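The values are calculated or read from the model by the stated rules, or taken from the named source; none is laboratory data. Being a predicted model, the structure only gives us computed values, none of them experimental. Here Cβ is always computed from backbone atoms with ideal geometry, including for glycine, and neighbour counts include all displayed protein chains. Heads up: the accessible areas ignore ligands, DNA and RNA and are worked out on the full protein's heavy atoms, side chains in. Shrake-Rupley method; radii C 1.70, N 1.55, O 1.52, S 1.80 Å.
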There are 2 protein chains.
Amino acid sequence: MLLSNSYIDDEKIINRLYEIHRRTVPKFESCTGISQTRLELLHELYEVEEISQRALQKKVNIDHAAVTRHLKQLEDKGMVIRRKDPKDQRFTYVSLSEEGRLKIIHYREEKERFISGVLHDFSEEERKTLLGMLTRIQRNIEIFE
Amino acid sequence: MLLSNSYIDDEKIINRLYEIHRRTVPKFESCTGISQTRLELLHELYEVEEISQRALQKKVNIDHAAVTRHLKQLEDKGMVIRRKDPKDQRFTYVSLSEEGRLKIIHYREEKERFISGVLHDFSEEERKTLLGMLTRIQRNIEIFE
DNA sequence: TTATATTAGTTGACGTATCAATTATTGAGC
DNA sequence: GCTCAATAATTGATACGTCAACTAATATAA
């Protein structure tokens, strides 16, 4: 297995991305008290009055199955309200409950604290560069093959 | 919820990292035919004659439980050989089988193709910058709190 | 040497993402 | 109006990572 030095570094990038994710998941949750995905769902709900699961799924770009399960659990916890569209029974509309609307504020404060910690030594310039690079990577993965 | 513009961007960085991971997992596996973690384990085994599970676990930095399960499955597939240390029965030593040694070469070629695709529009300079930034983020996550 | 601590590995419970298959409802073409 | 296609949501199977509890083997110290 003969690999050039520059390839080794490329590999490090991909491995680093992977490890960052693995380390982030538990830290994020223990810090904020909620998972990243679930908070993202709540955040989207926060921005609107009501939205269909399908539309929400498109926004967060997660598998339908996962969306269904998250929303059911959030409903069980009383953070979310779900109802069928009377006009078209295929659609389920979702909205934040009062309690959900209150709780999400605290979650997001903690998320902000977490993000500040993770990026604390990055200049404004660097953050811009990084975001641009990550966006390109994401696009490359999407169009791959 | 009043958030400054720069914070919004920081949030995008973290969300992007998360989404990159989610999209990478299935693409990587369908492209290479093996999961990233499992290939990393095999790669470490490729570099040595034999190694204890414990030492291997420290190298890949994954939970013990996951390591045990991966190695058992790789053993079932005939890619890996495991044996107890006669001197100290607590240790299990792992090594690549001949078949494993052959197969890993193909896997790694596919991985290289995948990585090239993901980073194809990045200059040498950019890759260095990116790796540096990711390394800092990883460190920040580790020392957080 | 015998009780206690440490260490490696395994197993179980849980969370959550994916894909594939299924159900229920609505829409379109004849 | 009736059959067939499309769509939203759900459920099942599978994969994989975490933590916690457990087993077995060895080291330590009284």
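Report, by residue number, each residue of the range A:86-130 that is in a loop (DSSP other than H, G, I, E, B) and in contact (Cβ under 8 Å) with a residue 24 or more places away in the chain. A:PHE91, the sole residue that qualifies.
Per-residue answers, yes or no, for (1) at the interface with another protein chain (Cβ under 9 Å from one of its Cβ atoms); (2) open to solvent by 20 Å² or more (accessible area, probe 1.4 Å); (3) touching an Asp or Glu at 6+ places or on another chain (Cβ under 7 Å):
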| site | (1), (2), (3) |
| --- | --- |
| B:ARG90 | no, yes, no |
| B:LEU96 | no, no, no |
| B:GLY100 | no, no, no |
| B:ILE115 | yes, no, yes |
| B:VAL118 | yes, no, no |
| B:ASP121 | yes, yes, no |
| B:GLU124 | yes, yes, no |
| B:ARG127 | yes, yes, yes |
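The lone criterion from (1) within 11 Å of chain B (Cβ to nearest Cβ); (2) more than 17 Å from the chain's Cα centre (by Cα); (3) surrounded by fewer than 17 Cβ atoms within 10 Å (Cβ to Cβ) left unmet by A:ILE141 is number (3).
Given the structure, is A:SER35 on the phi < 0 side of the Ramachandran plot, open to solvent by 20 Å² or more (accessible area, probe 1.4 Å) and in contact with a helix residue (DSSP H, G or I) (Cβ under 6 Å, 6 or more places away or on another chain)? Answer is yes for this residue.
When A:GLU44 is tested against (1) more than 12 Å from chain B (Cβ to nearest Cβ); (2) touching a Leu at 6+ places or on another chain (Cβ under 8 Å), just one condition goes unmet, and that condition is (1).
Taken over the range A:19-37, the criterion of being assigned to a helix (DSSP H, G or I) and more than 21 Å from B:THR24 (Cβ to Cβ) is satisfied by A:SER30, A:CYS31, A:THR32. Considering (1) away from DNA strand D (no atom under 11 Å from the Cβ); (2) exposed (fewer than 14 other Cβ atoms within 10 Å of the Cβ); (3) in a strand (DSSP E or B), the lone condition that A:ARG83 does not fulfil carries the number (1). Being charged (D, E, K, R) and over 23 Å from B:VAL48 (Cβ atoms) is the filter here, so list the residues in the range B:97-135 that pass it. Selection gives B:ARG113, B:ASP121, B:GLU124, B:GLU125, B:GLU126, B:ARG127, B:LYS128. Note on the range B:49-76: among residues that are touching a residue at least 24 places away in the same chain (Cβ under 8 Å) and not in a helix (DSSP H, G or I), the one that is nearest to DNA strand C (Cβ to nearest atom) is B:SER52.
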